[in-house]
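First the structure, in the form of structure tokens, and then the observations on it.
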Amino acid sequence: MKLLIADDNPSMRSILRGICGEHFSEINECEDGLEAIRIYEKQKPDLVLMDFKMKTMDGIKATKEIKNRFPEAKIIIISQYNDKSLIEESIKSGAIEFINKENLIMVEEIIKTRL
């Protein structure tokens, strides 16, 4: 299985890689939403872990774009923010889940139960 991690923080990408590494045979990383769209188009990963706040394009816009082109895409929005409106916006954009960065252990649970 393939994973794409889109987060502008290298340390967070490393943490996510450590949490998810054993479940995926291929892991790609990028720093912004535009790059995530390009990589998704080429690699068609089984799961995308998408940070909300990134420079060039945020995770919500990137999720909408990926889901418009590839409705089967499975994307989890990850954010340090835990605002109810952000959670709702994440789900409306097409994300299968929203996870606060304080609860990253949930990522592994979702991988085990939903993939």
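Of the residues making up segment 4-57, those that are in a strand (DSSP E or B), of a type outside the set (S, T, N, Q) and either surrounded by fewer than 18 Cβ atoms within 10 Å (Cβ to Cβ) or out of contact with any Asp or Glu (no Cβ under 7 Å at 6 or more places or on another chain) (or both) are L4, E26, I27, E29, C30, L47, V48, L49, M50. The set of residues in segment 69-97 that are in contact (Cβ under 8 Å) with a residue 12 or more places away in the chain and either assigned to a helix (DSSP H, G or I) or among the hydroxyl-bearing types (S, T, Y) (or both) comprises R69, S79, Y81, L86, E89, S90, S93.
Here G33 meets each of (1) at pLDDT below 95; (2) touching a Gly at 6+ places or on another chain (Cβ under 9 Å) with one exception, condition (1).
The values are calculated or read from the model by the stated rules, or taken from the named source; none is laboratory data. Bear in mind that the values here come from a model prediction, so they are computed numbers and not experimental data. FYI the Cβ positions are ideal-geometry reconstructions off the backbone, even for glycines, and counts take in every protein chain you see.
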